[in-house]
Amino acid sequence: MPLPAPRPGLVIGYEFLYREDAAAGRENAARPHPCAIVLVVGDHPGERVSVVAISHSPPAASAAHDYMRLTAADARQMGLDSGDHWVNLRDINSFDWPGYDLKPIAPGRSYVFGRMGRTAFERLVAALRARRGLKVLDRR
């Protein structure tokens, strides 16, 4: 299956490594998650891509400020199922495209779920900018 060109707003299958897992010494994620590309730097080949994870798991009340809830319409446009979805604003993974952690969304299928709509992507960028000092987990 052909690899897509990495573009901000593209929602891909990726083995996202959370900071707690990295701190525990894990180098690989437990499973792939839908992830939104938030930044692409460089030219092909060798683009540097930064992603945030999208999850069904609601945040604890004490961590709600670390997440952005997606609307049902946002989720549909991104190719996600009809359940509730939250974007993790606390953790960012960065890697050289395509990277070994890029995963198809199902066996024999594409790597792409869909694309964030403009409004959802602008909300995401604004939320990330408001969180200055984020640490990016380098997955090279």
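For Tyr14, the residues whose amide H sits under 5 Å from its own are His33, Cys35, Lys103, ignoring neighbours fewer than 5 places away on the same chain, with H placed 1.01 Å from N.
Taking 7 Å steps out from each Cα toward its Cβ at Ala22 and His65 produces label points 2.2 nm apart. For the pair the stretch 41-104 / the stretch 1-37, the C-alpha centres are spaced 8 Å from each other. Near the amide H of Ile92, within less than 5 Å, lie the amide hydrogens of Leu137, all on another chain or at least 5 residues away, with H placed in the peptide plane. Note on volume of the Cα convex hull per residue in Å³: of the candidates (i) 139; (ii) 114; (iii) 106, the value calculated from this structure sits at (ii).
With the simple spin-label model, which puts each label point 7 Å out from Cα in the Cβ direction, the Arg132 to Arg31 separation comes to 3.9 nm.
In terms of packing, defined here as the mean over residues of other Cβ atoms within 10 angstrom, the peptides 127-139, 34-46 line up highest first as 34-46, 127-139.
Laboratory data are not the source of any read-out in this text; all were calculated from the coordinates shown. These figures come from a predicted structure and were not determined experimentally. Neighbour counts run over all protein chains shown; Cβ positions are idealised from the backbone, glycine included.
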